[in-house]
Amino acid sequence: MKAQRLGLGEKSKPNKLERQLSIALIIVIVILAMLVPLFSSRSADSFLRDRGKHYQIGELSDEDVYATENFTYIDEIRTQALIAEKQRAILPLFSFSLRSTILSVQRVESFIALIRSPLPEQIQVFQDKETLQDDGNVIQRILSLGALDQQFFLQALEETSDEILKKGLFSQAVVSAIRGQGYEEYLLQNTVSMEKNHNKEAHLFSEVLTKENLANGLEAWMEGYRSVNATFQPYLLSDALSWLLQENIVYEEVETLNQRQHAAESVQEIVVLVERGEKIISKDTVINAQQLALLERMSNETFHYTLLELIGRAVFILLSTSISVYVFIQFLYSEKRLYLYLNLMLASIAVSLLAMYAVSHLLQTQSILFLDSFLPTLFAPLFTAHITSKKRLGLVAAFLLSSYASLMPQASAMTFFFSLTAAGICLYFFRYTFKRLEDLFNWFYACVICSFAALSLNLLIGLSLHSVLPLIGGMILNITISLVLVEALVPLCERMFNIPTSYRLSELAFSDSPVLDRLGTVAQGTYNHSRYVSDLAYQAAKAIGANAMLARVGGIYHDIGKSDHPEYFIENQGTENKHDDIKPSLSAAIIKSHVKLGLEKGRDAGLPQEVLDIIAQHHGNDIIQFFYNEAKEQALLAGVEVKADDYSYTGNPPTFPESAIVMLADCVEAASRTIKKPNHSKYQKLVHAIIMGKFERDQLKDSQLSITDLDHIEDAFVQTLIGRDHHRIEYPEEQEPKTRGE
């Protein structure tokens, strides 16, 4: 009931609505994070198809076209050329025919035997048996030779046939056909004895023997016979050999083709990597078929996600979203505005995802390379950090948005790290400042360092030189636009939801306020007391890492309810004390009323809820000890009972650190005025006693302050009090110069 009277317990319904809104926003973000990369891919595909239809072979390109993402393709032309090269390296394969060799040897031996006993009937039998037609009249020409010449010729025939059969006799038709295919060499896989030929050296077709070139091919051989016998007839020998011998070298076409097929199959396809940012078509150049084929291949590679890849993306999005939301909630677990802050963060993420799609589509339709620096990943972290006044929550938003950005089709291996690094740099530099010039310097530092980080990270993935200026330009433009949006939207949101941002708290602390002006006019003592309390609270909050500006503002406004009855509070009294003339119960009621009045004035002034909570909680439910003791003394004399609740404040003990700090600072500042000849030891003893008193009376149990925090607060109070009450050096009084005669 007490909490409801002070306006502290009316948050359940809004919190329920805000939780439902948070769930809805999370679902929307998950869907957007899944669809935006996919639709960006399809927009890229449409862009490429439009370009493919627009261009024709032989036309001049009116723009530069870059690869919008990394993709690979098989270079069929180079692959086929390599296959042809490998196949051509397999030379035609020939081998000796044992059957043809034996047949030729037997035919020569039979012919020699026939010539030595040339009976007409035997000659006819020989021709019929060997199926030979003596069109060249070889037999008659040999028989017409003299006995010695005939004997010499037959010996030469036998020797030469052996030599030809050992070397190999080729078919002129086969040789001409193979040479027509461009081959000038061949391999012979065995010898005339059918032994495997271990010599894998290639032989020239120009040196082979065929029936058509025996006269020329054996010219040197024939010359040897002519040197011995001047009447030797070489042409008769070549005619006889052509008539008697059978080609004994055969072309192993099947085996040759098999080896060439194996060579072709051993060739790996040539895969070409086109990196993001690589120029495909240059402006004012003639479009060729290969460039159009590249556009088509890039279009085909744009949207290729298997079912498993889509499931993996969905799992990744759900995991990163769940982790980020969980960490965000843990940071603000006890914060009343938890779901408001969460919803604003999620809304900024959703806007950034839509901006990703818009930027991706815009740059692709303009044929501009989509670099990592163009990704709109800076606004959401900066907006979240400024709204919540916590940079760590800005990093949570940066992590979530960087995870989503890494799924974009244009993303590189460094996109996640680049986005997170750039957001961290901006969060470090862009903080609350008192001077506009500081904002300009912070913008400059952020642009320089982010540009350096962008270059460093993108060089790791092979950034091309022509992309350096667009990368830096995109980074500067991204930072500038993000900062402008944050500066425009943060004041709008803080006014709409009355959020105590650093800017809002600074306005409340250092700007003129009608409430404070009236307090300073009608209750100068309370006003001065509030200023001292705000200084104590500010230093103590800084010492423990709490929101120092919130503590400062809470200290300034915590006693604004005293402006209605200032004369009843000791800091505004002179020699006369209004409480001397009234009962302790009435005095306690008047003292307690300043909390409720302060809440009413704070609401009228539009103070943030956190400041209102400090006003409501700065006395907790502690007892007004002075009037309670006075009432007990009077009740003892009258023989009645006094209830402690009637002399206790009706608020709740502080529920967050800044509120507890203001409570302690209020007590410490008031009590420090009672110390005579203050020094460090007295202050330390006083502060320690006040803190322990509040601790023992359970006024700090819900404050989220640890014992270590209380030690730091105690030290900060003591140092601030000493600085406030330091003594100046006493200077000797200047003596008046003596006049003459004195």
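Each reported figure results from applying straightforward, stated rules to the coordinates on display, with no laboratory input. Since this is a predicted model, take the numbers as computed values, not measurements. Using ideal geometry, Cβ is built from the backbone for each residue, glycine included, and neighbour counts are taken over all protein chains shown.
Could you let me know the centre-to-centre spacing of segment 208-248 and segment 624-693, using Cα atoms, in angstrom?
Using only Cα atoms to place each centre, the spacing works out to 137 Å.
Please report the orientation-averaged projected area of segment 503-724, defined via the convex hull of its C-alpha atoms, in nm².
Dividing the Cα hull surface by four gives the mean projection, 12.3 nm².
Can you tell me which of 514-526, 603-615 comes out highest on packing, and rank the rest after it, using the mean Cβ neighbours within 10 Å?
603-615, 514-526
Could you state the number of Å between the C-alpha centres of segment 378-422 and segment 465-502?
If you average the Cα positions of each part, the centres end up 13 Å apart.
Output the 0 to 90 degree angle, nearest 10, between the alpha-carbon long axis of helix 524-544 and the longest principal axis computed from the alpha carbons of the chain.
Around 30 degrees separate the two axes.
Using unit Cβ charges (K, R positive; D, E negative) and no other charged atoms, how large, in debye to the nearest 20, is the dipole of segment 220-347 about its Cα centre?
1140 debye
Counting other beta carbons within 10 Å of each residue's own, what order do Glu76, Glu278 fall into, fewest first?
Glu76, Glu278
So what is the calculated 222 nm ellipticity per residue for the chain, using -39500 (n - 2.57) for each DSSP H run with n of 4 or more, over all residues, to the nearest 500 deg cm²/dmol?
Estimated from H runs of four or more residues: -21000 deg cm²/dmol.
Projecting each Cα onto the charge dipole of the chain (Lys/Arg +1, Asp/Glu -1 at the beta carbon, about the Cα centre), which of Ile112, Asn229, Ser659 comes out farthest on the positive side?
Checking the options against the dipole of the chain, the answer is Ser659.
In degrees between 0 and 90, to the nearest 10, how far off the longest principal axis of the chain does helix 625-638 point, with axes built from Cα atoms?
40 degrees
Given (1) 67.4; (2) 60.5; (3) 48.0 as candidate values of mean projected area of the Cα convex hull in nm², which corresponds to the one derived from the coordinates?
(1)
Kindly express, to the nearest 10 degrees and within the range 0 to 90, the angle between helix 379-388's C-alpha long axis and the longest C-alpha principal axis of the chain.
Relative to the chain, helix 379-388 is tipped by roughly 20 degrees.
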